[in-house]
Amino acid sequence: MGTKSMSKHVKKNPLYFVCVTTFVVAAVCLTYWLSLWTSLSVIEKPMQRQRSNDENDTAAATNNHVDEKKTHFGIIEELYQVVTAERLDKIAQKHREAYAHASPFPHIVIDGIFPKRILEAISSEFPVNEDEKGCFTETCFSQAKQNKKSAVNDEREMGMYTRVFYAFLKSSTWVTFLEQLSGIENIIPDPHYRGSGLQMTASGGSLDIHADFNRMKKYNLDRRVNTFVYLNNDWPESYGGHLELWGRDMKSCYQKILPSMGRFVVFSSTDFSYHGHPQPQTSPKVRARRSMALYYYTNGRPVEECLNQNCEGNDHSTLFQKPLNCTVCEEAMCKRYDETEPYWVHASF
C-alpha cells in the first residue's frame with residue numbers, strides 16, 4: 001500500500017491508525033527492554049561472581065581467623081597441660097639434692113621442661129633489627145664489662161606469647177616448684193623485670209663474670225633465685241655465649257653451659273654467685289644469643305650469703321670480677337668441669 005493510499009485509509013479508518021501506532025510503540029518498548037535486560041545481565045553476572053568471590057574471601061578470612069585463634073589457644077593450652085604442678089613436683093623432688101650440692105654454688109641445668117612450640121613462638125617475638133652498635137633495643141649496654149647486650153623489660157613491648165609465659169613464671173605453680181627445688185621458702189617473683197626480661201647479645205658481645213645486685217629497694221626484698229630460659233635453635237659450641245659459673249675465689253671455673261633452645265638454668269643468688277659469659281661471642285652476625293630472665297626475692301636472707309656475713313645496710317649493685325691465675329674458663333689452671341660428663345638433666349618421667 002502506498003503512502004497516499006495509507007493516508008486515505010487512515011483518514012477513512014481512525015482505528016487503524018491507533019492500532020498501528022500502538023504496535024510501533026510496543027515494538028520500540030520491547031526492543032528497549034530487551035536491550036536493557038541484556039545490558040543488566042552482562043553487568044549482573046560479574047557482580048554475582050564478585051559477590052560470590054567476596055563471600056568466599058570473607059568466609060576464608062573468618063576461617064583463617066578462627067584457625068589462628070585455635071593455634072594461639074592450642075600453644076598456650078599445651079604449656080599448661082605439659083608443665084603441670086604434678087610434673088614439676090616430681091622434677092623438684094628428683095633433683096633438689098643435686099641442686100643443693102652443686103659446685104660452685106647451688107644450681108641446676110634442666111632440658112625439656114617447656115613445650116617447644118611456645119618457645120619458638122616466644123623466639124619469633126624478639127626484636128630482630130640490630131644497629132651498628134650491636135643493639136636491638138633502646139635498653140642496650142655497650143661497655144667493656146657488658147657489651148652488645150640489649151633487653152626488653154617493659155611488658156608493653158612484649159609479644160602475646162612472651163607475656164603469657166612470664167605470667168606462668170610468676171604463677172603459684174611455678175613459684176612452688178622453685179621453692180621445692182631450691183629449698184628457699186616464701187620467694188616472690190619480680191613484678192617489674194628489674195635487670196631481667198628478654199635479653200639479647202649480638203655477635204661479639206660479652207658479659208664479664210659478676211655477682212648481681214642484691215636487693216630490691218622499692219620493696220625492701222633480697223634477691224635469692226636467678227632463672228634463665230635460653231631460646232637459641234641450632235646453637236653449636238663454636239658460637240660461644242656459654243654461661244660460666246665461677247668459684248668464690250675466682251680461681252676455678254666449675255661450669256660452662258651452652259645456651260641451647262629450651263635450656264632452663266636456675267641458681268641461688270648470693271654476694272658470691274659469680275657468673276657471666278665473658279668470652280666474646282663468635283656466632284654469625286645474624287645470630288644473637290637470646291634468653292628470658294626472671295629473678296625471685298625473699299624478705300630477708302641468711303647471713304652466710306652476704307659479704308662479711310653482713311646483710312644489714314650492705315646493698316650493692318653488680319659486683320664485677322676478673323679470673324685469677326688464668327684468663328679463660330677452659331685453661332687448665334682454672335678448669336674444674338669434666339667435658340665428658342653431661343652438666344644438665346632432662347625433665348622426663
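The values are calculated or read from the model by the stated rules, or taken from the named source; none is laboratory data. No experiment lies behind these values; they were computed from the predicted model shown. We place every Cβ from the backbone using ideal geometry, glycine too, and count neighbours over all the protein chains shown.
When segment 107-143 is examined, which residues are found to be of a type in the set (A, V, I, L, M), in a loop (DSSP other than H, G, I, E, B) and free of Cβ contacts under 8 Å to residues at least 60 places away in the same chain? Before the answer, list the steps.
As a first pass, look at segment 107-143 and keep what is of a type in the set (A, V, I, L, M): 108-110, 113, 118-119, 121-122, 128.
Adding the requirement that they be in a loop (DSSP other than H, G, I, E, B) leaves 113, 128.
Selection gives Val128 alone.
In segment 229-258, which residues are within 19 Å of the chain's Cα centre (by Cα) and of a type in the set (Asp, Glu)? Can you show your working first?
As a first pass, look at segment 229-258 and keep what is within 19 Å of the chain's Cα centre (by Cα): 229-235.
Across segment 229-258, the qualifying residue is only Asp234.
Scanning for something farther than 24 Å from His192 by Cβ and at pLDDT below 95, does segment 143-157 turn up at least one residue?
Quick first cut of segment 143-157, residues farther than 24 Å from His192 by Cβ only: 144, 147-148.
From the residues that got through so far, the ones that are at pLDDT below 95 too are 144.
Yes: segment 143-157 contains one or more residues that are farther than 24 Å from His192 by Cβ and at pLDDT below 95.
Taking segment 313-349 as the search range and keeping residues that are among the polar types (S, T, N, Q) and at pLDDT 95 or above, which one is farthest from the chain's Cα centre (by Cα)? Walk me through it before giving the result.
Narrowing segment 313-349 to residues among the polar types (S, T, N, Q): 314, 317-318, 321, 325, 327, 340, 348.
From what is left, the residues that are at pLDDT 95 or above are 317-318, 321.
Working: Ser317: 28, Thr318: 26, Gln321: 31 Å.
It comes out as Gln321.
As an exercise: evaluate Thr270 against (1) farther than 18 Å from Gly195 by Cα; (2) of a type in the set (S, T, N, Q); (3) not in a strand (DSSP E or B) and give the number of the one condition it does not meet.
Looking at each condition in turn, Thr270 falls short on (1).
Could you list, in sequence order, the residues of segment 152-177 that are more than 30 Å from Glu86 (Cβ to Cβ) and crowded, with 21+ Cβ neighbours inside 10 Å?
If we filter segment 152-177 for residues that are more than 30 Å from Glu86 (Cβ to Cβ), which is where we start, we get 152-154, 156-157.
Within segment 152-177, Val152 is the sole residue that qualifies.
Does at least one position in segment 135-145 carry a residue that is on the phi > 0 side of the Ramachandran plot and surrounded by 15 or more Cβ atoms within 10 Å (Cβ to Cβ)?
In the first step, residues of segment 135-145 are kept if they are on the phi > 0 side of the Ramachandran plot; the result is none.
Checked segment 135-145: no residue is on the phi > 0 side of the Ramachandran plot and surrounded by 15 or more Cβ atoms within 10 Å (Cβ to Cβ).
Taking Ser283 as meeting all but one of (1) farther than 30 Å from Gly134 by Cα; (2) modelled with pLDDT of 95 or more, write down the number of the exception.
(1)
Which is out of contact with any Pro (no Cβ under 9 Å at 6 or more places or on another chain) and not in a strand (DSSP E or B), of Pro284, Pro323?
Working: Pro323 fails: out of contact with any Pro (no Cβ under 9 Å at 6 or more places or on another chain).
Unique residue meeting the criteria: Pro284.
Examine segment 291-302 for a residue that is without any contact (Cβ under 8 Å) to a residue 12 or more places away in the chain and either touching a strand residue (DSSP E or B) at 6+ places or on another chain (Cβ under 7 Å) or surrounded by 11 or more Cβ atoms within 10 Å (Cβ to Cβ) (or both), and state whether such a residue exists. Steps first, please.
So the first thing to find is which residues in segment 291-302 are without any contact (Cβ under 8 Å) to a residue 12 or more places away in the chain, and the list is 302.
Filter again for either touching a strand residue (DSSP E or B) at 6+ places or on another chain (Cβ under 7 Å) or surrounded by 11 or more Cβ atoms within 10 Å (Cβ to Cβ) (or both), leaving 302.
The answer is yes, given that some residue of segment 291-302 is without any contact (Cβ under 8 Å) to a residue 12 or more places away in the chain and either touching a strand residue (DSSP E or B) at 6+ places or on another chain (Cβ under 7 Å) or surrounded by 11 or more Cβ atoms within 10 Å (Cβ to Cβ) (or both).
Of these, Ser269, Ser252, which one is in contact with a strand residue (DSSP E or B) (Cβ under 6 Å, 6 or more places away or on another chain) and buried (at least 21 other Cβ atoms within 10 Å of the Cβ)?
Details: Ser252 fails: in contact with a strand residue (DSSP E or B) (Cβ under 6 Å, 6 or more places away or on another chain).
Just one listed residue meets the conditions, Ser269.
Would you mind stating whether Gly183 is in the same structural domain as His95 (by TED's automatic domain parsing), surrounded by fewer than 17 Cβ atoms within 10 Å (Cβ to Cβ) and of a type in the set (Gly, Ala, Ser)? Working first, answer last.
Numbers: in the same structural domain as His95 (by TED's automatic domain parsing): yes; surrounded by fewer than 17 Cβ atoms within 10 Å (Cβ to Cβ): yes; of a type in the set (Gly, Ala, Ser): yes.
Criteria met by Gly183.
Search segment 304-319 for residues being over 30 Å from His95 (Cα atoms) and not hydroxyl-bearing (Ser, Thr, Tyr), and hand back the single one that is surrounded by the fewest Cβ atoms within 10 Å (Cβ to Cβ).
Step one: filter segment 304-319 for residues over 30 Å from His95 (Cα atoms), giving 308, 310, 312-317.
Going one step further and asking which of them are not hydroxyl-bearing (Ser, Thr, Tyr), we end up with 308, 310, 312-316.
Working: Asn308: 8, Asn310: 10, Glu312: 7, Gly313: 5, Asn314: 13, Asp315: 12, His316: 13.
Only one residue fits best here, namely Gly313.
Only residues that are crowded, with 20+ Cβ neighbours inside 10 Å and in a loop (DSSP other than H, G, I, E, B): list them for segment 255-266, please.
Hits for segment 255-266 are Pro259, Gly262, Arg263.
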